[in-house]
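The values are calculated or read from the model by the stated rules, or taken from the named source; none is laboratory data. Here the structure is a predicted model, which means the values were calculated and not measured. Counting neighbours? That spans all protein chains shown, and the Cβs are built from the backbone with ideal geometry, glycine included.
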Amino acid sequence: MRHIPEEELHAYLDQALSRSQCVEIECHLADCIRCRHGRDQIAALRDRTTALLGELSTVGSQRPAFAALMIQANTRRVELQGPATRSRHASPWARRGAQAAGVALLLAAGWSARGLVPAGPALAGTPLQQLASAAEFTGFGTGAPLLGSFLPRGNAANRSPAAPTQTQADPNWQPDPIERTAPRRALVTEAPGVTTMALTVSTLDASDYSAEFPASGVWRSVPWAEAAALTGDAVPRIHGLPVLEIQVQWIGPDERPLVMVAHQDPSGRIIRSIEGPADRLGEILADVIARTDGAVHTSQPVRTTPDYVNSTSGAPRRSIRVAAIAGRLDVATLDELTKSLTIR
Amino acid sequence: MKDELERLYQTTYASVVRFLYRKVWDADRAEDLAQEVFIRAMAHRPEKPRAWVFAVAANLARDEARSAIRRRRHLTLLTNEPAMLSAPEMPADEAVEHDERMGQVREALSVLSDRDREVLLLWDAGMSYPEIAEQSGLAVGAVGTTLARARKRLIETYDRQEAGRKQHAAHS
């Protein structure tokens, strides 16, 4: 008598066999004590495996709204179809050039706002000085402390030094011509049969909402309480504006995540407040500015509570964290909004 | 397609998080990656979304492991992180016991070969034999053999550890 091979009993218990194979096995089991015993042993093994793997389950896993992820997916499709494709597939030098232009806009925007807005809670000094003061604590600022921390890695500005120099040499330099003449990004083209999901944004197309701020990295939508827990109550909120979405981005095991809060103003425009390590935040904002052809502006950074993270030398490293407000508004307005920023 | 994806998302998200967690050993990171997986699925609209989701999850986990090594996080990966996954309301003694068990299961899993572990985790995530075969590159008929070996080895290793732990406790 041919007994049932062990792997076949596994497949049988896993319901991976066809109906006819199951019937054949069941007929054999009815007559064969040895195979029945084998089946019982394998069933026990299978159950124990499930139980052991069950020990490794995560707790408190909360599924974000499908719509929230769909928004981000729409952004990806825009990137695949729109101008961003060009920069993604361009040579590293071209991409860095674009980032440098974005950084120039960031810095120029900050410079142009200088003097228009009282210091408020922002860091003292010009944007360049603020970035320098953030950079000096990170340990990466030697040689070029001014740009070492808040610029994209690879320091695009070094390869295109003209842009920041220009802003320093001429404080009246304005980035507006680029903003005014830049063509608006193409919005999402939905695939046939797919409609944009209903979103809590009532006055703005959902795809526009996400496409207008292509922040790099993996963002996860979280409820308020989870964001507060993950960031140590450092969720940056603009007082008086309704919150649409809170997202976090994982940085490392020792650091609090980046957190980004999307708000909507009464006219329907989306304004984001972002809090995180100065260097990573600078990278993201510079990238967003480059990818939106300078249409997005940012406020002056406001320093928040730093983190102390483990370094390879063993001594804790102080990681400077800042918050900033970004959106398609002029810099003066964004700076003004930092006065209403509450970090909690 | 959207409805299908939404249904898949609702029914599979937890499995994908669990699958990823057992590869990256970081609950937050597993959730980040799971969201990334579904965002990609929504953007790409694959023909076989379920298999596609797990294939992308496996790839992301592999990338994550590489970057984790680059970040010299391997020490963290090999040590227990008991506090992270203990249920907050669990009494301290139970939590310690739970963490010990978790550490043992992780160690037992790490003894399996990459392929055996992958197949076992995919099966535990609810994938069918043909789906596992497609993703792992095995023949459908070989999935049962692989699973049989993986289960047996996992349990044997765990039991051996458990016996050693009890022996150690008896001596101390």
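Find all pairs meeting these conditions: Cβ atoms under 6 angstrom apart; at least six residues apart or on different chains; first residue within segment B:1-24 and at the interface with chain A (Cβ under 7 Å from one of its Cβ atoms); second residue crowded, with 22+ Cβ neighbours inside 10 Å.
B:Tyr9/B:Phe38; B:Val17/B:Ala30; B:Val17/B:Glu31; B:Val17/B:Ala34; B:Tyr21/B:Ala30; B:Arg22/B:Leu121
Filter segment A:33-47 down to the residues that are in contact with a helix residue (DSSP H, G or I) (Cβ under 7 Å, 6 or more places away or on another chain) and hydrophobic (A, V, I, L, M, F, W, C) and list them by number.
A:Cys35, A:Ile42, A:Ala43, A:Leu45
Inspect all residues belonging to segment A:258-275 and state whether any of them is closer than 20 Å to A:Ala68 by Cα and within 13 Å of chain B (Cβ to nearest Cβ).
yes
If you take the residues in segment A:54-81 that are surrounded by 18 or more Cβ atoms within 10 Å (Cβ to Cβ) and more than 7 Å from chain B (Cβ to nearest Cβ), which one is modelled with the lowest pLDDT?
Among residues in segment A:54-81 that are surrounded by 18 or more Cβ atoms within 10 Å (Cβ to Cβ) and more than 7 Å from chain B (Cβ to nearest Cβ), the one modelled with the lowest pLDDT is A:Glu79.
Among the candidates A:Asp265, A:Asp307, A:Asp279, which residue alone is of a type in the set (Asp, Glu) and within 18 Å of A:Thr338 (Cβ to Cβ)?
Result: A:Asp265 is the single residue among A:Asp265, A:Asp307, A:Asp279 that is of a type in the set (Asp, Glu) and within 18 Å of A:Thr338 (Cβ to Cβ).
Residues being farther than 18 Å from A:Ala44 by Cβ and in a helix (DSSP H, G or I): count how many of those fall in segment A:10-24.
Final tally of qualifying residues: 6.
Filter segment B:70-85 for residues that are surrounded by fewer than 17 Cβ atoms within 10 Å (Cβ to Cβ) and within 11 Å of chain A (Cβ to nearest Cβ); which is modelled with the highest pLDDT?
Restricting to residues being surrounded by fewer than 17 Cβ atoms within 10 Å (Cβ to Cβ) and within 11 Å of chain A (Cβ to nearest Cβ), the top hit is B:Arg71.
Could you list, ordered by first residue, the pairs with Cβ atoms under 6 Å in which the first is in segment A:315-344 and over 21 Å from A:Glu283 (Cα atoms) and modelled with pLDDT under 85 and the second is in a strand (DSSP E or B) and of a type in the set (Phe, Trp, Tyr), at least 6 apart or interchain?
Listed by first residue and then by second, the contacts come to A:Pro316/A:Tyr308.
Does any residue of segment B:49-65 turn out to be surrounded by fewer than 22 Cβ atoms within 10 Å (Cβ to Cβ), touching a Lys or Arg at 6+ places or on another chain (Cβ under 8 Å), among the charged types (D, E, K, R) and within 11 Å of chain A (Cβ to nearest Cβ)?
For segment B:49-65, residues surrounded by fewer than 22 Cβ atoms within 10 Å (Cβ to Cβ), touching a Lys or Arg at 6+ places or on another chain (Cβ under 8 Å), among the charged types (D, E, K, R) and within 11 Å of chain A (Cβ to nearest Cβ): present.
What is the number of the single condition among (1) in contact (Cβ under 8 Å) with a residue 60 or more places away in the chain; (2) more than 9 Å from every other protein chain (Cβ to nearest Cβ) that B:Pro46 does not meet?
Just one mismatch for B:Pro46, condition (1).
Look at B:Glu100 and say whether it is modelled with pLDDT under 85 and out of contact with any Phe, Trp or Tyr (no Cβ under 7 Å at 6 or more places or on another chain).
Yes.
Is it the case that B:Arg165 is under 25 Å from A:Ile4 (Cβ atoms) and touching an Asp or Glu at 6+ places or on another chain (Cβ under 8 Å)?
No, not satisfied.
Inspect segment A:2-9 for any residue being of a type in the set (Val, Ile, Thr), at pLDDT 80 or above and part of a loop (DSSP other than H, G, I, E, B) and give the result as yes or no. Walk me through how you get there before you give the answer.
So the first thing to find is which residues in segment A:2-9 are of a type in the set (Val, Ile, Thr), and the list is A:4.
Checking the rest, the ones that are also at pLDDT 80 or above come to A:4.
With the extra rule that they be part of a loop (DSSP other than H, G, I, E, B), the set shrinks to A:4.
Taking every residue of segment A:2-9 in turn, at least one turns out to be of a type in the set (Val, Ile, Thr), at pLDDT 80 or above and part of a loop (DSSP other than H, G, I, E, B).
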